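The values are calculated or read from the model by the stated rules, or taken from the named source; none is laboratory data. This one's a predicted model, so the numbers in the text were calculated from it and none came from an experiment. Note: ideal-geometry Cβ built from the backbone for every residue, glycine included; neighbour counts use all protein chains shown.
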């Protein structure tokens, strides 16, 4: 196995915007002047206005009309319609908030019969889902009722003998984050060591996927009732967050090798074009935990940087220039 090679590498430039207090950040999204962070603690959604610096939090845990069950996954504006999507794995629920009215929730799929690892809307009344599928397909397409209407895509098999590993364990190791470019009608599905670029400009099929091996990997696993999968010592941590705009795909990549101490390596952002061609690799002296991008913005990506220790922990919103 051989990973990606970049034509250039350079130091990154970050502008610190503001301090934000979050318990356990899960993911983030940007929609013009609105930045959102999903938090495991309550209230579970943090809204930060990039123009005036005002912060508000909403969404409590529960089963009431204005509640849901953690954790939640956020997508800001994946269809260009100025809304914030949220997916709650444990509540079997996907819906959205209009960005200009964040306390109004519009349910879309609330009768899902399966706990999908991740779901993203990619065009009107069509949703792409990944999960611990044992039918041999990596991706399922859902309709407006949440029913599976099509399946496509093989599980990754770059590792020798991986085709013999049970599907649930392979899915557990290659867990996916999505980002959608609704202008190009392409999405990116990134796991720690594999990136799929999926073209949905016509009917999706296996040939619609461009699959890229980011870095070599190997993992231990157990299947069935005691399902688990984790990278072996010496393997790089890999991609931990994905974002995109009209020009590029951005991966927050951790080059640290698992199980090795005192590593003098820096966080990196890997930049690809929408054909999957490596553009450049950028390194940072700060501890980035996740990234997000506004699809209409071509110059900046936003990140969340961690600072502190056990007694004093906080996060900084940063603007990253490309």
Qualifying positions in region 169-225 - at pLDDT 95 or above and in contact with a helix residue (DSSP H, G or I) (Cβ under 6 Å, 6 or more places away or on another chain):
198, 199, 219, 221
So, of the residues in region 282-311 that are within 15 Å of residue 21 (Cβ to Cβ) and touching a residue at least 40 places away in the same chain (Cβ under 8 Å), which turns out to be surrounded by the most Cβ atoms within 10 Å (Cβ to Cβ)?
304
I'd like to know if region 129-141 contains one or more residues that are assigned to a strand (DSSP E or B), touching a residue at least 40 places away in the same chain (Cβ under 8 Å), in contact with a helix residue (DSSP H, G or I) (Cβ under 6 Å, 6 or more places away or on another chain) and over 20 Å from residue 277 (Cβ atoms).
no
Hits in region 185-218 (condition: free of Cβ contacts under 8 Å to residues at least 40 places away in the same chain and surrounded by fewer than 16 Cβ atoms within 10 Å (Cβ to Cβ)):
201, 202, 203, 207
Do we find a residue being touching a helix residue (DSSP H, G or I) at 6+ places or on another chain (Cβ under 9 Å) and either more than 30 Å from residue 255 (Cα to Cα) or not in a strand (DSSP E or B) (or both) anywhere in region 60-82?
no
Is it fair to say residue 254 is within 27 Å of residue 128 (Cβ to Cβ) and in contact with a helix residue (DSSP H, G or I) (Cβ under 7 Å, 6 or more places away or on another chain)?
no
Pick from region 222-231 the residues that are surrounded by 16 or more Cβ atoms within 10 Å (Cβ to Cβ) and in contact with a strand residue (DSSP E or B) (Cβ under 6 Å, 6 or more places away or on another chain): which of them is farthest from residue 242 (Cα to Cα)?
229
Residue pairs, Cβ under 7 Å, 6 or more apart or interchain, first in region 4-26 and farther than 25 Å from residue 40 by Cβ, second loosely packed, with under 15 Cβ neighbours inside 10 Å. List them.
13/321
Tell me which residues, restricted to region 232-278, are loosely packed, with under 15 Cβ neighbours inside 10 Å and closer than 27 Å to residue 79 by Cβ.
273, 275, 277
Here is a list of conditions, (1) crowded, with 17+ Cβ neighbours inside 10 Å; (2) within 19 Å of the chain's Cα centre (by Cα); (3) closer than 30 Å to residue 216 by Cβ, and residue 71 meets all of them except one; can you say which number that is?
(1)
Members of region 142-163 that are assigned to a strand (DSSP E or B) and in contact with a helix residue (DSSP H, G or I) (Cβ under 6 Å, 6 or more places away or on another chain):
152
Tell me, yes or no, whether region 80-97 has at least one residue that is within 24 Å of residue 202 (Cβ to Cβ) and surrounded by fewer than 22 Cβ atoms within 10 Å (Cβ to Cβ).
yes
For region 138-167, which residues satisfy the criterion of being under 20 Å from the mean Cα position of the chain (by Cα) and under 19 Å from residue 228 (Cα atoms)?
138, 155, 156
If the requirement is being closer than 20 Å to residue 315 by Cα, assigned to a strand (DSSP E or B) and free of Cβ contacts under 8 Å to residues at least 60 places away in the same chain, which of these qualifies: 29, 38, 53?
38
Being free of Cβ contacts under 8 Å to residues at least 40 places away in the same chain, closer than 15 Å to residue 9 by Cα and in contact with a strand residue (DSSP E or B) (Cβ under 9 Å, 6 or more places away or on another chain) is the filter here, so list the residues in region 256-281 that pass it.
265, 266, 267, 268
Name the residue that is nearest to residue 50 (Cα to Cα), counting only residues in region 1-17 that are over 23 Å from the mean Cα position of the chain (by Cα) and assigned to a strand (DSSP E or B).
11
